Structures are given as structure tokens and as C-alpha cells.
1. Out of (1) closer than 30 Å to B:Gln50 by Cα; (2) in contact (Cβ under 8 Å) with a residue 24 or more places away in the chain; (3) within 16 Å of the chain's Cα centre (by Cα), what's the single condition that is false for A:Ser28?
2. Could you check how many residues of the range A:36-79 are under 30 Å from B:Leu108 (Cα atoms) and either among the acidic types (Asp, Glu) or not in a strand (DSSP E or B) (or both)?
3. Within the range A:83-100, restricting attention to residues that are part of a loop (DSSP other than H, G, I, E, B) and exposed (fewer than 14 other Cβ atoms within 10 Å of the Cβ), which residue is nearest to the other protein chains (Cβ to nearest Cβ)?
4. Considering each residue of the range A:66-79, count those that are within 25 Å of B:Gly40 (Cβ to Cβ) and surrounded by fewer than 15 Cβ atoms within 10 Å (Cβ to Cβ), and give that number.
5. Checking the conditions here, which among A:Thr63, A:Thr45 is farther than 23 Å from A:Lys95 by Cβ and surrounded by 14 or more Cβ atoms within 10 Å (Cβ to Cβ)?
6. Pairs only if they're at least six apart or on different chains, beta carbon under 7 angstrom, first in the range A:98-117 and free of Cβ contacts under 8 Å to residues at least 12 places away in the same chain, second assigned to a loop (DSSP other than H, G, I, E, B); list them, first residue then second.
Amino acid sequence: DQQVKQNSPSLSVQEGRISILNCDYTNSMFDYFLWYKKYPAEGPTFLISISSIKDKNEDGRFTVFLNKSAKHLSLHIVPSQPGDSAVYFCAASQKFTGGGSNYKLTFGKGTLLTVNP
Amino acid sequence: DGGITQSPKYLFRKEGQNVTLSCEQNLNHDAMYWYRQDPGQGLRLIYYSQIVNDFQKGDIAEGYSVSREKKESFPLTVTSAQKNPTAFYLCASSIHADTQYFGPGTRLTVL
């Protein structure tokens, strides 16, 4: 049962336009959401995150929006650049059930973004 | 230069052999994690460790084993009991926070 879903396997946009990547989740216990960017044969790099008590977080060209009632979040990239072409993973966080102060991340399957020059 | 290193980058194994993947971090992070990524899939948690000498199974621990004897190191052994070991393996670490930082990964291929 997929708790974090990225329903679009791929997205293609023109350079300079907006890229919107979407993510849906089912578990109400998630309290923090993250976006990672990944190039082939490399580890994911952290992009931006948002706490469940907020509805928007912005960092340069990247903005994440959270609609908690709809259990939906989106990543906006404006303007899109060819270097943004990569797989983007949405991840949701909750504390480990066994105790401790660390968090388990549940990942979506990713969306391949292609930005065309 | 702080970071997470994984070695080797590529690893080939014959069926029936155990193999150990290395993960080292100098970020002074308490928690470390191992994930597996298959084509078209998200990252799935194999094992995690929140503190030295302690580790817990993740969602897909069968056929894998780990140790955490030092804060900096969290090696993963892929045993012959793992039915489909060919995958991209990622190690991550964090410090009492949601954000995990990943190493460059090891691609394991079973011949």
C-alpha cells in the first residue's frame, strides 16, 4: 500500500517556464515533507522541505505548497532550467514507532523532469 | 570536507556469495540508514541505526544484515538469502531531524 504517491512518472517543460511536480499522501501521521533531486547513478540531494503546520515554503526558484486537508503537496520550480532535469522524489516523515528521536522517510516513486532548452 | 562516502561505486557478485557494502560519514550524525532503489521505484528502507551498537529492521530487511560498531560506519551485508539483490543501494545519515543526507550509492549486480 503506497502511502506516498507521485502519479506522474515524467514531466517535460520548456526552459524558463514553470515546472509543477505533485505528490499525494494517505497517512495523517506524516508531519514533515521533503523533496529530493536525483541524477542517475548518484545519491539524492535534499532540495526543500515543509512542516505540516505550514502551507508554503520558498527557497529561491523552488517553492513547496502543502494542502493538508487534501493530503497533497507540490513543488514549483520557476523558472525551469535545463540543469533541473532529474528525477524528483517526494518524501514524508514520521517518527520511528520504536522510539528514539529520528524519523522514518517514506518515498514516492519519483517524477522524471525534463527541461528542454 | 564533511560528507557520506560509499564504496565501491560498482560491485559484482556471483550468486550464492555474501557481499558487504561500505558506508562512512564524518558529519557526526547519530542516525544512519540503508535504502534500496529499483528501476522506476522509490527508495525502500532496509535497516536503520539511531545510535552506536543499535539497529532496527526497516521495511525490507530480509536477506540483509548490518552492524554499527562505530558512529561513523554502518556497513551492509547482502547475503545469499536475498533473492533479488541486484539494485542501487543508498546510505544516508541524519542528526535528530527529518532531513536525511545521502551518499553517492553503490550499484550491485549479481551475475
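The values are calculated or read from the model by the stated rules, or taken from the named source; none is laboratory data. Predicted model only: the values in this text are computed from it and were never measured. Cβ atoms come from the backbone with ideal geometry, glycine included; neighbour counts cover every protein chain shown.
1. Checking A:Ser28 against (1) closer than 30 Å to B:Gln50 by Cα; (2) in contact (Cβ under 8 Å) with a residue 24 or more places away in the chain; (3) within 16 Å of the chain's Cα centre (by Cα), the one that fails is (3).
2. Total meeting the criteria: 6.
3. Once the filter is applied, the top-ranked residue is A:Gly98.
4. 1
5. Answer to the check: A:Thr63.
6. Listed by first residue and then by second, the contacts come to A:Ser101/B:His96; A:Asn102/A:Phe96; A:Asn102/B:His96; A:Lys104/A:Phe96.
Residues are listed down the side, and each one gets a yes or a no for (1) within 13 Å of chain A (Cβ to nearest Cβ); (2) modelled with pLDDT of 95 or more:
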| site | (1), (2) |
| --- | --- |
| B:Thr79 | no, no |
| B:Ala92 | yes, yes |
| B:Ile95 | yes, no |
| B:Gln100 | yes, no |
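A quick yes/no check of all residues on (1) under 14 Å from A:Leu113 (Cβ atoms); (2) within 13 Å of chain B (Cβ to nearest Cβ); (3) surrounded by fewer than 17 Cβ atoms within 10 Å (Cβ to Cβ):
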| position | (1), (2), (3) |
| --- | --- |
| A:Gln2 | no, yes, yes |
| A:Glu15 | yes, no, yes |
| A:Ile18 | yes, no, yes |
| A:Tyr32 | no, yes, no |
| A:Lys54 | no, no, yes |
| A:Gln81 | yes, no, yes |
